[in-house]
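To keep things clear, I will list the structure first and then write my remarks on it.
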Amino acid sequence: MAIDYSQRIPNNVDLASDRRLQRALENWQPGFLDWWKELGPDGSTDFDVYLRTAISTDANGWANFGYVKMPEYRWGIFLAERDPERQIAFGDNKGQPAWQEVPGELRSTLRRLIVTQGDTEPASVEQQRLLGKTAPSLYDLRNLFQVNVEEGRHLWAMVYLLHAYFGRDGREEAEAMLERHSGDPDKPRILGAFNEKTPDWLSFFMFTYFTDRDGKYQLASLAESGFDPLARSCRFMLTEEAHHMFVGETGVGRIIQRTCELMKEHKTDDVRSLGAIDLRTIQKYLNFHFSVSLDLFGQETSTNAANYYSQGLKGRFLETRIEDDHVLTDAAYEIETAEGGGIVRKPVPALSALNERLRQDYIEDCGRGVLRWNKILEKAGIDFEMKLPHRGFHRRIGAFAGLNVSPDGKVLSEAEWKANESKWLPTDADRAFVTSLMGAPVTEPGKYAHWIAPPARGINGQPVDFEYVRFN
Ligand code: BYC
């Protein structure tokens with residue numbers, strides 16, 4: 001699965017053999033580059049960045065490191081290897097050979113899924129575009145840029161599918177990917193969390209921990225798709241996604257670490273006066289990013305989700321490892337949801353509960369990192385525990401959207417909510433404080449901003465004081 005870098009668009013799909021498709025994508029490419037220059041990482045054009053670039057999609061080739069000027073990064077089309085024997089693993093078409101073309105009757109549904117997925121990728125780049133101005137170190141700046149170029153490539157992955165399999169509609173959707181913008185009042189991005197701001201590095205780390213993890217779970221579900229080119233695209237995207245979540249988990253962990261150090265050294269909880277972020281504020285950011293990311297899974301019970309599954313378009317997380325009939329027409333699944341002004345547990349048809357089931361897998365995964373953050377606190381001897389709030393807390397999508405739910409899962413009156421909201425979610429003053437810590441970028445190798453601890457190790461075996469970015 002070597003990638004052909006001699007082409008204008010690097011690829012491992014033999015693009016050169018399809019001149020029409022190649023031309024169509026080459027026509028889209030300048031618009032993408034203009035978008036990158038306008039809304040990609042601000043002011044980064046001349047930097048040499050120590051980046052990972054895939055040279056093949058197998059285990060030996062996808063993590064190749066070297067200095068790259070970001071606008072010269074070779075965005076391209078990389079699909080995981082095809083298994084000619086692959087069968088659809090679930091739904092009404094279970095056991096049939098995976099589709100290499102889009103079944104006519106599933107066209108618009110599949111296009112919508114691909115567009116929703118694709119839309120998030122450039123959205124996140126737009127959200128993060130100013131963060132380089134306040135990078136806490138060269139190591140972090142490099143990680144931000146790595147995440148950004150790969151999200152750009154994930155857009156390419158979806159745009160390729162739209163161009164290759166959806167004709168004129170697909171080409172129009174690919175154009176529209178560059179026309180909607182994060183937070184644009186007239187043409188916003190499709191999903192809520194991608195219109196929120198990422199104005200500071202605590203938000204960035206929370207976003208890459210919680211929101212990129214939604215990406216992991218959605219991509220894993222689409223990697224089960226009966227439409228093989230989508231499955232193969234998503235499988236390769238998942239290999240890159242892991243680093244994004246690593247950046248988030250270790251970023252939050254390093255902030256907690258630094259806060260603990262200062263609390264111990266100065267024997268105080270009030271680390272704000274010492275120029276660091278207090279644990280309560282970190283918890284509030286966690287509450288915010290977790291809850292907006294939970295919304296990304298859609299309604300608790302969803303006929304859309306049932307249809308995607310029965311049609312063979314979107315499976316469950318690690319579908320083939322689950323031991324059941326993979327059709328689910330007779331199965332039930334117990335969910336927690338809002339009903340009659342309260343929170344109830346009840347069994348519902350498993351097919352309709354697929355969004356909720358994926359959200360449950362996601363919540364469990366989120367919890368594992370929180371445990372590791374708590375280990376840092378425990379090791380430092382600090383009596384504080386980070387917690388994931390209840391799934392109903394601060395929701396805008398789904399059955400909980402109409403309720404005021406506290407982090408520990410109690411339904412509150414409007415007045416009770418209002419009286420406590422500022423304890424649970426970042427206030428304007430909290431955000432202003434965190435932003436105030438984001439000073440000029442730290443550009444000296446091996447130096448780190450005051451509010452964050454250095455990483456335990458560098459990237460690709462390099463030391464932590466490596467020159468990860470050269471500014472020229
Ligand atoms: N915001 O039946 P439901 C990533 C709409 S992140 C706004 O539950 P469904 C990444 C919904 O469209 C992963 N609207 O919907 C991370 C529907 O509208 P209609 C992105 C929402 O379709 C970081 C209605 O409500 N990938 O990769 O089952 C950095 C009924 O809802 C929202 C995907 O999402 C919302 N949050 O579920 C970079 C995968 N939620 O039909 C990248 C593809 C629901 O009434 N998308 N609605 O007009 C999907 O699988 C589904 O579209 C969703 C929604 C799971 C998102």
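The values are calculated or read from the model by the stated rules, or taken from the named source; none is laboratory data. For clarity, every value in this text was computed on a predicted model and none was experimentally measured. Here the Cβ positions follow ideal geometry from the backbone for every residue, glycine too, while neighbour counts run over all protein chains shown. Calculation scope for accessible area: heavy atoms of the full protein, side chains included, ligands and nucleic acids excluded. Shrake-Rupley method; radii C 1.70, N 1.55, O 1.52, S 1.80 Å.
Quick rundown of the values:
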{"quantity": "Compactness of segment 131-185 - radius of gyration and Dmax, Cα, Å", "calculated": "15.2, 45"}
{"quantity": "Listed residues 437, 397, 286: farthest to the positive end of the dipole of segment 15-470 (Cβ charges)", "calculated": "437"}
{"quantity": "Relative contact order computed over segment 8-105 (Cα-Cα under 8 Å; 6+ residues apart), in percent", "calculated": "25 percent"}
{"quantity": "Ellipticity estimate at 222 nm from DSSP helix runs (n ≥ 4, -39,500 (n - 2.57)) divided over the chain, nearest 500", "calculated": "-15000 deg cm²/dmol"}
{"quantity": "Cβ-placed point charges (K, R +1; D, E -1), dipole of the chain about Cα centre in debye, nearest 20", "calculated": "500 debye"}
{"quantity": "Accessible-area ranking of 37, 216, largest first, probe 1.4 Å", "calculated": "37, 216"}
{"quantity": "Accessible area of the chain belonging to carbon and sulfur atoms, whole % at 1.4 Å probe", "calculated": "48 percent"}
{"quantity": "Interchain or long-range residues, amide H under 5 Å from residue 69's placed H", "calculated": "49"}
{"quantity": "For residue 458, residues with placed amide H under 5 Å, excluding near neighbours", "calculated": "464"}
{"quantity": "Reciprocal of mean inverse Cα separation for segment 187-331 (Kirkwood radius, Å)", "calculated": "17.6 Å"}
{"quantity": "Sequence of 232, 153 from largest to smallest accessible area, 1.4 Å probe", "calculated": "232, 153"}
{"quantity": "Prolate/oblate/rounded label for segment 1-123 (Cα gyration tensor, a/c 1.5)", "calculated": "prolate"}
{"quantity": "By accessible area with a 1.4 Å probe, ligands and nucleic acids excluded, highest first: order of 442, 149", "calculated": "442, 149"}
{"quantity": "Backbone HN-Hα couplings from phi across segment 146-153 [Karplus 6.51/-1.76/1.60, Hz, Gly and Pro as x]", "calculated": "4, 4, 4, 5, 6, 5, x, 5"}
{"quantity": "Cα centre as origin, Lys/Arg/Asp/Glu Cβ charges: segment 355-469 dipole, Debye", "calculated": "260 debye"}
{"quantity": "Per residue, in Å², the accessible surface of the chain once ligands and nucleic acids are set aside, probe 1.4 Å", "calculated": "42 Å²"}
{"quantity": "J(HN,Hα) series, segment 374-379, from Karplus relation 6.51 cos²θ - 1.76 cosθ + 1.60, nearest Hz, glycine and proline x", "calculated": "5, 4, 4, 5, 4, 4"}
{"quantity": "Cα-based shape type of segment 353-414, given that a ≥ b ≥ c are square roots of the gyration tensor eigenvalues and the cut on a/c is 1.5", "calculated": "oblate"}
{"quantity": "Spherically averaged projected area of segment 245-343 from its Cα convex hull (nm²)", "calculated": "10.5 nm²"}
{"quantity": "Dipole magnitude of segment 283-395, debye to nearest 20 (Cβ charges: Lys/Arg +1, Asp/Glu -1, about Cα centre)", "calculated": "480 debye"}
{"quantity": "Two-decimal log10 I(q)/I(0) for the chain, as the Debye equation yields it once each C-alpha is a single scatterer, q = 0.06, 0.07, 0.09, 0.14 Å⁻¹", "calculated": "-0.27, -0.37, -0.62, -1.45"}
